[in-house]
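The values are calculated or read from the model by the stated rules, or taken from the named source; none is laboratory data. Since the structure is predicted, the reported quantities are computational estimates derived from the model, not experimental observations. No Cβ is skipped: glycine too gets one built from the backbone with ideal geometry, and neighbour counts run over all protein chains shown.
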Amino acid sequence: MSMETLFAISSPIAMLGWIALIISPIIPKWSDRIATYISPGLLSLAYMSLILAFWANAEGGFDTLANVQLLFTQSEIAMAGWLHYLAFDLFMGAWIVREARKASISHWFIIPILPMTLLFGPIGFVLFLALKAGLSLRRNQAPSTKSAQSASA
């Protein structure tokens, strides 16, 4: 299979997972299965296949920026990098949705974070952490404010 074909196949597999996350309140169990296991699993298997087949002969490495750039000049290794990106960002998006569900955070707050996670993984992660911390702080302050108002009445 050519790298162009694999690239063309990998994006819809990832998008299936992202769509499942966006509609997860409707299909929570299937969303978890698709976005946590099925889509990232398929992408990871393709990644593993490329690494096993092409890593040993790849030029470059991770010790310098120049070597990282050299490493990704080989199309098979660049494709492996793309699959890595797709799989892990989707896995992170699925984690965000599950954590939001556990913390009773409205899915409407999560929907704008998901595209940020898809496009800029760590930014989406930081936005979710900030949202979760902000909502937690607000929830923790709310009872003390009500208690203070009750005491003054």
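Output the number of residues of segment 90-108 satisfying the condition of being among the charged types (D, E, K, R), free of Cβ contacts under 8 Å to residues at least 60 places away in the same chain and closer than 17 Å to Gly121 by Cα.
Looking only at that region, the number is 1.
Taking the options Trp18, Trp108, name whichever one is exposed (fewer than 15 other Cβ atoms within 10 Å of the Cβ), aromatic (Phe, Trp, Tyr) and modelled with pLDDT of 95 or more.
Step by step, each of Trp18, Trp108 is checked, and only Trp108 is exposed (fewer than 15 other Cβ atoms within 10 Å of the Cβ), aromatic (Phe, Trp, Tyr) and modelled with pLDDT of 95 or more.
Looking only at residues that are aliphatic (A, V, I, L, M) and touching a helix residue (DSSP H, G or I) at 6+ places or on another chain (Cβ under 6 Å) in segment 45-69, which one is nearest to Ser10 (Cα to Cα)?
Ala46
Of the conditions (1) under 28 Å from Thr5 (Cα atoms); (2) at pLDDT below 95, Pro115 satisfies every one except a single condition; which number is it?
(2)
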